[in-house]
Amino acid sequence: MDLQLLHSQAAIEQRVGELAESISRDYRGKDLVVIGILKGAFIFMADLLRKLSVPCTVDFVRLTSYGADSVTTGKVIITKDIETSIVQKDVLIVEDIIDSGISMNFIHRWLAERNPRSLKVCALLDKPSRRRVGFEADYVGFCIDDFFVVGYGLDFDENFRFLPDVYIVQKIGGEALQ
């Protein structure tokens with residue numbers, strides 16, 4: 001696999017701190033529930049939570065739409081539901097990357113049906129050029145071009161999540177990615 005550094009650990013740490021400051025300011029005095037999208041967002045979410053200056057409760061949901069491929073199948077399946085009631089709570093969904101928007105649009109609509117007071121999204125990475133459905137996050141770490149990326153929780157076929165930086169995957173095996 002051929003990797004090229006996109007965002008260093010230091011740059012990510014700085015940006016996560018900036019996001020946490022904005023989120024803390026916006027949610028001061030509110031009943032915040034942070035819901036992470038497994039598996040990709042777990043590292044970003046942990047770092048973000050440690051930098052928040054407001055109390056919150058935490059839960060997770062797990063979706064699948066990629067399988068072992070590098071592009072979405074377009075079909076979203078919930079494989080783990082939240083366990084916390086979000087009725088009349090302020091909910092922040094934390095996601096690693098918004099690509100086509102299909103999964104985020106799905107989970108946003110699905111959680112909205114549970115009557116939260118407010119519902120916002122924080123994504124580490126955003127690829128607006130890949131949108132297949134209209135969706136915009138409320139908080140975005142970095143907008144990126146149409147790259148396939150790994151590291152800092154993002155994976156390819158369950159590998160590379162452990163990397164502390166975000167990398168562009170240029171080749172898998174002998175095949176170049178577009």
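Descriptive notes on the structure:
- Available extension along the chain between Ser129 and Asp145 is 5.1 nm, counting 0.36 nm per residue and deducting the alpha carbon span.
- Added length on full extension, which subtracts the Cα-Cα distance from 0.36 nm per residue, Gln14 to Thr64: 15.1 nm
- Helix 9-27 axis versus longest C-alpha principal axis of the chain: approximately 20°, rounded to the nearest ten.
- Packing-based ranking, highest mean first, of 104-111, 22-29 given that Cβ atoms within 10 Å are counted: 104-111, 22-29
- For the chain, the longest principal axis of the alpha carbon atoms and the long axis of helix 102-112 meet at an angle near 10°.
- Placing +1 on the Cβ of every Lys and Arg and -1 on the Cβ of every Asp and Glu, with no other charges, gives the chain a dipole of roughly 540 debye about its Cα centre.
- Over all other residues within a Cβ to Cβ distance under 15 Å of Gly29, the charged ones net out to +2, with Lys and Arg as +1 and Asp and Glu as -1.
- Angle of helix 42-51 to the longest C-alpha principal axis of the chain, folded into 0 to 90 degrees and rounded to 10: 50°.
- Listed values (i) 15.0, 43; (ii) 17.8, 59; (iii) 15.8, 53, entry calculated as Rg and Dmax of the Cα atoms in Å: (iii)
Every number here is computed from the coordinates shown, using simple stated rules; none is lab data. The shown structure was predicted, so the numbers you read here are calculated from the model rather than taken from an experiment. All Cβ positions, even for glycine, are placed from backbone atoms using ideal geometry, and neighbour counts span all protein chains on display.
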